[in-house]
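Engineer: Once you've had a glance at the structure underneath, I'll fire off some questions.
Throughout, read-outs are computed from the coordinates displayed, never taken from laboratory work. Everything quoted here is computed from the prediction, not taken from an experiment. Ideal geometry is used to build each Cβ from the backbone, glycine not excepted, and the neighbour counts take in all protein chains shown.
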Amino acid sequence: LGALVRELHGAGPLSRSELGMRTGLTRSTVRALIGELATALLVTEEEPEPLGTPGRPSHLVRPNPLRPVSLGLEIAVDSIAGAVVGFGGDVLQSLRVDRPRGELSLDHTVADLAQLAARLDRFDEDSAIGIGVAIAGVVRRADGVVALAPNLGWRDIALSHALRQSLGTMLPIHIGNEADLGALAEARRGAARGASHILFVSGEVGVGGGVIVDGRPLNGIAGFAGEIGHMPLNPAGSACRCGSVGCWETEVGEDALLARAGRERGGGRDAVASVLHDASSGDERAQAALEHVGQWLGYGLAGLVNVLNPELIVLGGLFGRIYEQIADTVELRLDRYALADARRLVRVVPAALGEDAPLLGAAELAFETFLGDPAAWLRPRPALVELATA
Ligand SMILES: [Zn+2]
């Protein structure tokens, strides 16, 4: 059942015979299991259109996008966002709001998220599997505590507890690092579909990484792996918010780009857009800033290619937005500094889901409970029994 549900969630509507091929289950098993899912209102089956060819056409199985659903939330430095995602991957609703830099405290953040969640009227708690949260910080896997979010100024924050109170929900809340979740979303629905060795690199104010090795996320012993933004690359560089000096993100992060382009740090997405605009109309300072970021990005990626031997590097966030302008520089740096054999095997692409990759990954994180144990959803739920007897 889990295998079927995972295929349906990943691919959307599939024919019974396609489901059989993908899972290796027999025709009769697929039919029986789909019957159970249909009884529980998790899927609908459509009569096949008659084919012009011999053989019986196969029923189309369509996941019910309203049951279950998950709520994804994202806490970035410049914005917060929410999305309601249904079984089968449909994004039923999403919303992103910018926020001022002065309001990054935990209290502000959970209050803002509660306000945002209240506006997502497609989210029905009775049909919900859970809530996933993507955050620009280091998350301890065991208990979801945000151990460190340097660009929010957070340390050892029990985010799920605060969020539960602010949202007033009993649903399970799962917290994950934004780049890890961006990698998950790009692997499931975006630019890295079908790939199993993936490096997702996302830039905003900070730079995060999500690494998927052989189809599985690289977590490290506590869940802290992938903090590639804090690779010490330039001992002569500037101070980093993590307390160290010359971390990668001090050369390639949003503030580095803005400062080099002669803008104020902390300008956010609008300021980045204006740098891009100026660079394309010939402003040399803006062009040099982009060149600097491209060079240091390629330099750091070369080291990661040598360590991880990925097949795909997906550039998200800021890097996805400036990708066209920096692609040549990045590729040249990879040619120059990565080992030739690993270099030949890797492709660099911009994220397909854009800035929403971590947000959609957060919704996917909440779905994992369902994908791992769909049988729990076959039992009648109180609300449905009421419906049935009404
Ligand atoms: Zn650092």
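Engineer: Exposure proxy check: 26, 109, 169 ranked by fewest other beta carbons within 10 Å? Working shown, then result.
Structural biologist: On the way: 26 10, 109 22, 169 17.
Taking fewest neighbouring Cβ atoms as first place, the list is 26, 169, 109.
Engineer: Compute the FRET efficiency between residue 239 and residue 373 as 1/(1 + (r/R0)^6), taking r as their Cβ-Cβ distance and R0 = 35 Å, and round to the nearest 0.05.
Structural biologist: Taking R0 as 35 Å, the efficiency between residue 239 and residue 373 is 0.15.
Engineer: Using the Kirkwood radius over Cα pairs, work out the Stokes-Einstein diffusion coefficient for the range 1-127 at 4 °C and 1.567 mPa s, in µm²/s as a whole number.
Structural biologist: Details: Rh = 16.8 Å.
The calculation lands on 77 µm²/s.
Engineer: Return the loop-located trypsin sites (Lys or Arg not before Pro) in the range 242-277 (DSSP other than H, G, I, E, B) with at most 15 other Cβ atoms within 10 Å of their own Cβ; answer none if there are none. Please list the in-between numbers first.
Structural biologist: On the way: sites: 260, 263, 265, 269; in loops: 263, 265.
Counting only loop positions with at most 15 other Cβ atoms within 10 Å, the trypsin sites (Lys or Arg not before Pro) in the range 242-277 are 265.
Engineer: Once the convex hull of the alpha carbons of the range 186-238 is built, what does its volume come to per residue, in cubic angstrom?
Structural biologist: On the way: hull volume 5.5 nm³, N = 53.
Convex hull volume per residue, Cα atoms: 104 Å³.
Engineer: Convex hull volume of the Cα atoms in the chain, per residue, in Å³? Let's see the in-between values first.
Structural biologist: Numbers: hull volume 65.1 nm³, N = 390.
Spelled out: Cα convex hull of the chain, divided by residues, is 167 Å³.
Engineer: How would you rank 231, 21, going from fewest to most other Cβ atoms within 10 Å of each one's own Cβ? List each step's numbers first, then the result.
Structural biologist: Working: 231 17, 21 13.
Ascending Cβ contact count within 10 Å gives the list 21, 231.
Engineer: I would also like to ask the following. Quick test of the membrane-span-like rule: which DSSP H helices of the chain reach at least 24 Å along their long axis (C-alpha atoms) with mean Kyte hydropathy at least 0.0?
Structural biologist: Values: long enough: 284-308 (35 Å, 0.39).
The qualifying helices are 284-308.
Engineer: Where the only charges are on Cβ atoms (+1 Lys, Arg; -1 Asp, Glu), what is the dipole of the range 267-337 about its Cα centre, to the nearest 20 debye? Walk me through the intermediate numbers first.
Structural biologist: Numbers: 5 positive and 10 negative charges, 46 e Å.
It works out to roughly 220 debye.
Engineer: So what's the back-of-envelope 222 nm ellipticity for the chain, counting only DSSP H runs of four-plus at -39500 (n - 2.57) apiece and dividing by all residues, rounded to 500?
Structural biologist: Values: 15 runs with 164 residues, N = 390.
That comes out to -12500 deg cm²/dmol.
Engineer: Sticking with this one: Could you calculate the FRET efficiency of residue 142 with residue 49 from 1/(1 + (r/R0)^6), where r is the beta carbon distance between them and R0 is 30 Å, rounded to 0.05?
Structural biologist: On the way: r = 50 Å, r/R0 = 1.68.
After rounding to 0.05, the efficiency reads 0.05.
Engineer: Have a look at 9, 83, 259 and report the one farthest towards the positive end of the charge dipole of the chain, computed about the Cα centre with Cβ charges (Lys/Arg +1, Asp/Glu -1).
Structural biologist: 9
Engineer: Same structure again: Could you check what % of the DSSP bridge pairs in the range 28-144 are antiparallel, to the nearest 5? Spell out each step's value before the answer.
Structural biologist: Details: 18 of 25 bridges.
Close to 70 percent.
Engineer: Same structure again: For residue 17 and residue 193, calculate 0.36 nm times their separation in residues minus their Cα-Cα distance, and state this gained length in nm to one decimal. Could you put the intermediate results ahead of the total?
Structural biologist: Values: separation 176, 0.36 × 176 = 63.36 nm, distance 2.19 nm.
Extra length available between residue 17 and residue 193 comes to 61.2 nm.
Engineer: Continuing with the same structure: Taking every DSSP beta bridge with both residues inside the chain, roughly what % is antiparallel (nearest 5)?
Structural biologist: Details: 35 of 57 bridges.
Roughly 60 percent of the DSSP beta bridges within the chain come out antiparallel.
Engineer: Roughly how many debye, to the nearest 20, is the charge dipole of the range 76-141 about its Cα centre, given +1 on each Lys and Arg Cβ, -1 on each Asp and Glu Cβ, and no other charges?
Structural biologist: On the way: 7 positive and 10 negative charges, 64 e Å.
For this selection, approximately 300 debye.
Engineer: Once Lys and Arg get +1 and Asp and Glu get -1 on their Cβ, which of 117, 226, 41 lies farthest toward the positive end of the dipole of the chain?
Structural biologist: 41
Engineer: Given +1 on the Cβ of Lys and Arg, -1 on the Cβ of Asp and Glu, and no further charges, what dipole in debye does the range 331-371 carry about its Cα centre, rounded to the nearest 20? Show your work: numbers first, answer last.
Structural biologist: On the way: 5 positive and 7 negative charges, 77 e Å.
Using Cβ point charges on Lys, Arg, Asp and Glu, the range 331-371 gives about 360 debye.
Engineer: Shifting gears a bit: Got a sec? How would 216, 31 order by Cβ neighbour count within 10 Å, fewest to most? Write out the running numbers ahead of the final one.
Structural biologist: Numbers: 216 9, 31 15.
Exposure proxy ranking, most exposed first: 216, 31.
Engineer: Mean 1/r over all different Cα pairs, inverted: what Kirkwood radius does the range 256-319 give, in Å?
Structural biologist: On the way: mean 1/r = 0.0780 Å⁻¹.
Roughly 12.8 Å, rounded to one decimal.
Engineer: If you average over every viewing direction, what projected area does the convex hull of the Cα atoms of the range 115-210 give, in nm²? Kindly include the intermediate steps, with their values, before the conclusion.
Structural biologist: Numbers: hull surface 29.6 nm².
Value for the range 115-210: 7.4 nm².
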